[in-house]
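The values are calculated or read from the model by the stated rules, or taken from the named source; none is laboratory data. The shown structure was predicted, so the numbers you read here are calculated from the model rather than taken from an experiment. All Cβ positions, even for glycine, are placed from backbone atoms using ideal geometry, and neighbour counts span all protein chains on display.
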Amino acid sequence: MAMDDRDRDRGQGEFLEKLVKLNRVAKVVKGGRRFSFSALTVVGDRAGRVGYGFGKANDVSDAIRKSIEKAKKSMVRVPIKKTTLPHQVIGKFKSAQVLLKPAAPGTGVIAGGPVRAVMEAAGIHDVLSKSIGSSNAINTVKAVFQGLDSLMDPRVVAANRGRTLKDMWG
């Protein structure tokens, strides 16, 4: 798995921090333009926990730091079946839709920028995805998280059906 320059791996392999989007925003005031920065980051432990954060500040490093702090607070657990997802799901947020499909081992992460960042941070190694509608990175990430939240945990499904996990997956 290749790491970009934007990936940060801090601590003793604790969290993978990925910068998804950095944006310079201008506010027009009497004396000209005031520039500030917004950062969207995804943080994950590569073992099924992942979160996203959006931070804004006058300085790039402050915006990234704020977004990472928010991402760590918003972490969710994702059910993982070996190296992929348990089942197909479509995440929707506003006009962004993301189709997430389980893939055979060895397929890799077939996904665009924002979706790829979330999947790698969550520790999902084999997945097919298609981003439909909006290409806005923030809304796409939110759609992915909506889809991940709607994934059913296989253990819970097996318990509800009164079967064991081995009966369902063989």
Exercise. Given the conditions (1) touching a strand residue (DSSP E or B) at 6+ places or on another chain (Cβ under 7 Å); (2) touching a residue at least 60 places away in the same chain (Cβ under 8 Å), and given that PRO79 satisfies all but one, which numbered condition is not satisfied?
Worked result: (1)
Seminar exercise, completed: Residue hits (segment 82-99; of a type outside the set (Lys, Arg) and under 18 Å from ASN136 (Cβ atoms)) are ILE90, GLY91, PHE93, SER95, ALA96, GLN97, VAL98, LEU99
For this session: For segment 133-170, enumerate the residues that are touching a strand residue (DSSP E or B) at 6+ places or on another chain (Cβ under 9 Å), in a helix (DSSP H, G or I) and at pLDDT below 85.
Result: PRO154, TRP169
Seminar exercise, completed: Within segment 68-90, residues assigned to a strand (DSSP E or B) and surrounded by fewer than 17 Cβ atoms within 10 Å (Cβ to Cβ) come out as VAL76, ARG77, LYS81, ILE90
